[in-house]
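Down below is the structure, laid out as structure tokens.
The values are calculated or read from the model by the stated rules, or taken from the named source; none is laboratory data. This is a predicted model, so every value here is computed, not measured. Quick reminder, even Gly has a Cβ in these numbers, built from the backbone with ideal geometry, and neighbours come from all protein chains shown.
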Amino acid sequence: MTLFPSRPGTLLLALSAALFPLVASSVPAAALADPVPRWPLRHHGHHHHTAEEITTFLTAFYGEHGPSARDRSQRISQQLKEKQAHSPDADVVLCAQGAPRDIAVGPATVAQAAGVGWATVTTTWDSGATDTFTAYVRLDSRPIALDDVICAG
């Protein structure tokens with residue numbers, strides 16, 4: 001009586017048949033169902049906003065004279081809404097009161113590790129004075145939204 005099959009190929013076939021269910025059970029079903037990777041790969045399969053997308057969003061959000069009532073209600077984070085509720089005498093989105101004569105949004109910077117992007121926003125007022133503040137957007141916000149504003153002074 002032989003303990004091993006007489007042909008080496010038969011042993012290999014028997015071993016791989018015995019081990020395949022173990023290997024297959026440790027592979028996620030999604031990997032088996034879709035062996036072709038999706039490019040470009042993003043962190044955990046989620047889209048992260050680019051610097052260009054953030055600049056475009058902030059430019060549209062602020063417009064020439066400040067965000068619309070609709071944008072203030074639908075395109076800002078809950079955190080910023082709560083910040084505004086705690087500061088009824090100030091406009092936390094513009095770091096001032098009233099409507100500026102002009103608004104300029106600088107190019108956005110993205111910090112992937114922090115999960116945030118930001119841009120400097122400059123407001124010009126009828127008096128000729130200018131103010132700056134920093135507007136922040138979470139990279140994974142869906143839809144894109146203003147997450148926070150830090151006033152310069």
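Applying the selection to segment 110-152, what residues are among the small types (Gly, Ala, Ser), without any contact (Cβ under 8 Å) to a residue 24 or more places away in the chain and under 17 Å from residue 90 (Cα atoms)? Within segment 110-152, no residue meets the criteria.
Listed by position, the strands (runs of 3 or more DSSP E) contained in segment 84-153 that have at least 1 residues being over 15 Å from residue 51 (Cβ atoms) are 102-105, 116-124, 130-138, 148-151.
The C-beta contact set for segment 70-83 (first residue under 14 Å from residue 143 (Cα atoms), second residue polar (S, T, N, Q) and in a loop (DSSP other than H, G, I, E, B), distance under 8 angstrom, 6+ apart or interchain) comprises 77/141.
The set of residues in segment 96-122 that are at pLDDT below 95 and crowded, with 17+ Cβ neighbours inside 10 Å contains only 96.
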